[in-house]
1. Can you list the strands (runs of 3 or more DSSP E) lying wholly within the stretch 20-68 that have 3 or more residues being touching a residue at least 40 places away in the same chain (Cβ under 8 Å) and open to solvent by less than 40 Å² (accessible area, probe 1.4 Å)?
2. Of all residues in the stretch 32-79, count the ones that are polar (S, T, N, Q) and under 27 Å from Pro174 (Cβ atoms).
3. Taking the stretch 119-150 as the region of interest, how many residues are among the small types (Gly, Ala, Ser), surrounded by fewer than 17 Cβ atoms within 10 Å (Cβ to Cβ) and at pLDDT below 95?
4. As an exercise: evaluate Val11 against (1) closer than 11 Å to Val122 by Cα; (2) buried (at least 17 other Cβ atoms within 10 Å of the Cβ); (3) not basic (Lys, Arg) and give the number of the one condition it does not meet.
5. When you check Ala207 against the structure, is it at pLDDT below 95, closer than 21 Å to Val28 by Cα and of a type in the set (A, V, I, L, M), yes or no?
6. So which residues in the stretch 156-170 are in contact with a Lys or Arg (Cβ under 8 Å, 6 or more places away or on another chain) and either open to solvent by less than 60 Å² (accessible area, probe 1.4 Å) or in a loop (DSSP other than H, G, I, E, B) (or both), if there are any at all?
7. Can you spot a residue in the stretch 90-101 that is among the β-branched types (Val, Ile, Thr), part of a strand (DSSP E or B) and in contact with a Pro (Cβ under 7 Å, 6 or more places away or on another chain)?
8. Quick check on my filter: what residues within the stretch 190-200 are open to solvent by less than 80 Å² (accessible area, probe 1.4 Å) and either assigned to a strand (DSSP E or B) or aliphatic (A, V, I, L, M) (or both)?
Amino acid sequence: NNSQGASTTVVEGANLALAKTASPSPVVGGNTISYTLTASNAGPNDARALVLTDNLPPSVSFLSASGSGWTCSQASGVVTCQRSGTQAVGQPIPPVTITGRVTAGGGTITNSASVQPAAATVDDPEPDDNTATVSTPVTPGADVRIAQKSVTSALPATAGSQVTFRIQPRNAGPADAANVVVTDTLPAGWAVVSASGPNWACSTTAAAVRCTRASLTLAATDDIT
């Protein structure tokens with residue numbers, strides 16, 4: 001009775017892992033950001049179908065998700081990508097690229113994703129490396145634009161008479177815009193008479209208008225005449 005034996009049943013195992021990067025970093029608020037998610041299989045057995053899940057942070061709105069051999073869908077900011085077939089040990093698995101738009105005006109956005117074997121496939125013996133997280137600093141950004149320029153005086157205009165234009169500068173954010181400048185160069189045959197607008201400081205030459213302000217908030221609707 002000095003010896004004793006034990007038998008252990010070994011089932012297939014495939015050690016999946018996930019790596020994740022973000023570009024650009026830092027990112028300007030209001031700009032797009034792309035996350036690249038790369039899964040791998042360290043074995044000892046081939047993996048089968050995979051499921052990749054990415055919960056986008058609240059300050060990133062989903063735009064697209066794709067990857068060779070992957071089928072991706074999105075619901076309420078949760079991106080789910082599935083891949084069928086055999087994932088051989090040590091062989092590259094095509095990455096998934098997820099693109100979103102940053103709605104934060106500053107700070108840091110943190111995004112985590114995970115890869116898992118699909119149900120009823122080869123188990124993962126080491127799940128601790130299945131999740132990858134990346135943090136990206138956000139620098140303030142403001143999407144300034146001219147929403148509209150229109151003629152508010154009578155049309156058609158009579159040669160020699162004054163014509164009034166309304167310029168509508170706007171800021172779509174996500175941050176307030178600083179040191180905003182609006183310029184308007186008139187074509188030949190026109191001469192500047194005057195330019196003004198609430199909270200704008202305007203200067204003119206014979207054929208050009210330049211209006212400035214220290215800050216243009218998201219809620220500002222001050223037009224220039």
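The values are calculated or read from the model by the stated rules, or taken from the named source; none is laboratory data. None of the values given here were measured: they were computed from a predicted structure. Cβ sites come from the backbone with ideal geometry, for glycine too, and all protein chains shown count toward neighbours. For the accessible areas, the whole protein counts, side chains as well, though only heavy atoms, and no ligand, DNA or RNA atoms are used. Shrake-Rupley method; radii C 1.70, N 1.55, O 1.52, S 1.80 Å.
1. 32-44, 50-55
2. Residues flagged as polar (S, T, N, Q) and under 27 Å from Pro174 (Cβ atoms) within the stretch 32-79 amount to 12.
3. 2
4. (2)
5. no
6. Phe165, Ile167, Gln168, Pro169, Arg170
7. Taking every residue of the stretch 90-101 in turn, none turns out to be among the β-branched types (Val, Ile, Thr), part of a strand (DSSP E or B) and in contact with a Pro (Cβ under 7 Å, 6 or more places away or on another chain).
8. Ala191, Val192, Ala195
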